[in-house]
C-alpha cells in the first residue's frame with residue numbers, strides 16, 4: 001500500500017475538510033484538469049475511440065472504488081452519512097460504453113489504472129477513511145463534466161432522446177441537480193467527526209488521486225488503442241460486458257436516503 005504522509009499540527013487553525021481539500025489539492029487538480037486529453041474533450045477534438053478508451057479506464061477505477069464503498073457503507077461510521085446512490089457511477093459508465101458499442105473487455109486497465117486500483121484496495125484494507133479523498137476527486141469531476149459533456153456530444157454526434165443523453169451520462173450524471181448535490185456532499189464531509197490525522201489522510205489521498213488521474217490520462221495519450229469493440233450476438237454490448245464481469249448495479253448496496261437537494265441552498 002502507498003504510504004501517505006500526514007502533518008497534523010495542534011497549532012494549525014481548524015478548517016472545514018471540504019475547504020482543505022479544495023485548497024491543498026489545487027496544484028494537483030490543476031495539473032490533471034489541464035492535461036491535453038481534457039483539452040481535447042473540452043474543444044471537441046476527441047474521437048469516439050479516444051472517448052471510449054477514457055470511459056473504459058474510468059470504469060475500471062469506479063468498479064474498484066464502488067465495490068469497496070458498497071462493502072464499507074454498512075460497517076464503517078464515516079461512509080453512511082456521506083455516500084449516496086448518485087455517487088455510484090458504474091451504471092452510467094456502462095450505459096455510455098453501450099451507447100458507443102464498447103465494452104470493458106476491450107479496455108483492460110492500463111498501468112496507471114492498475115496502480116490506482118491497487119491503492120484503492122490498499123486503503124480499503126488498511127485505512128478506509130482515506131477513500132473519502134478518492135470519492136472527493138471522482139465526484140468533484142462532475143462539476144467540470146457538465147461543461148465538457150455538450151462539447152463531446154457535438155464532436156461525436158451524440159444526441160438526447162426522451163430526456164436521456166446518449167453517451168455522456170458519466171460526464172453529466174446530475175444535470176440540473178449538480179450544484180445542490182455537490183454542496184450536499186461537501187457539507188456531509190464537513191459534518192463528520194474526524195480526527196486531525198484522518199483529515200490529513202483524506203487530503204493526502206485526494207492529492208494522490210488527482211495525480212493518479214493525470215497518470216491515467218498520460219497512459220491514454222501514449223498507449224495504443226484497442227483493435228476491436230465488444231460484440232455479443234443477441235445481446236447489447238453493455239449487457240454482454242456486465243454479464244462477463246458480473247457487474248451488479250453498485251447503487252443497490254447503498255441504502256436509499258431521502259434526498260435533501262430541493263431544500264438545500266446553493267453553495268456561495
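The values are calculated or read from the model by the stated rules, or taken from the named source; none is laboratory data. Please read these numbers as outputs of a predicted model, since none were measured by experiment. No Cβ is skipped: glycine too gets one built from the backbone with ideal geometry, and neighbour counts run over all protein chains shown.
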Within segment 28-59, residues closer than 17 Å to residue 208 by Cα, touching a helix residue (DSSP H, G or I) at 6+ places or on another chain (Cβ under 7 Å) and in a loop (DSSP other than H, G, I, E, B) come out as 35
Determine, yes or no, whether residue 197 is surrounded by fewer than 18 Cβ atoms within 10 Å (Cβ to Cβ), assigned to a loop (DSSP other than H, G, I, E, B) and modelled with pLDDT of 50 or more.
no
Tell me, please, whether a residue that is surrounded by 14 or more Cβ atoms within 10 Å (Cβ to Cβ), at pLDDT 95 or above, touching a helix residue (DSSP H, G or I) at 6+ places or on another chain (Cβ under 9 Å) and assigned to a helix (DSSP H, G or I) can be found in segment 7-16.
no
Residues satisfying the stated conditions in segment 125-138, i.e. surrounded by fewer than 21 Cβ atoms within 10 Å (Cβ to Cβ) and in contact with a helix residue (DSSP H, G or I) (Cβ under 8 Å, 6 or more places away or on another chain)
127, 128, 138
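So that you can scan it fast, the table gives a plain yes or no per residue for (1) part of a helix (DSSP H, G or I); (2) within 30 Å of residue 199 (Cβ to Cβ); (3) within 13 Å of the chain's Cα centre (by Cα); (4) in contact (Cβ under 8 Å) with a residue 24 or more places away in the chain:
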site: 95; (1), (2), (3), (4): yes, no, no, yes
site: 102; (1), (2), (3), (4): no, no, no, yes
site: 125; (1), (2), (3), (4): yes, yes, no, yes
site: 129; (1), (2), (3), (4): yes, yes, no, yes
Look at residue 114 and say whether it is part of a loop (DSSP other than H, G, I, E, B) and surrounded by fewer than 21 Cβ atoms within 10 Å (Cβ to Cβ).
no
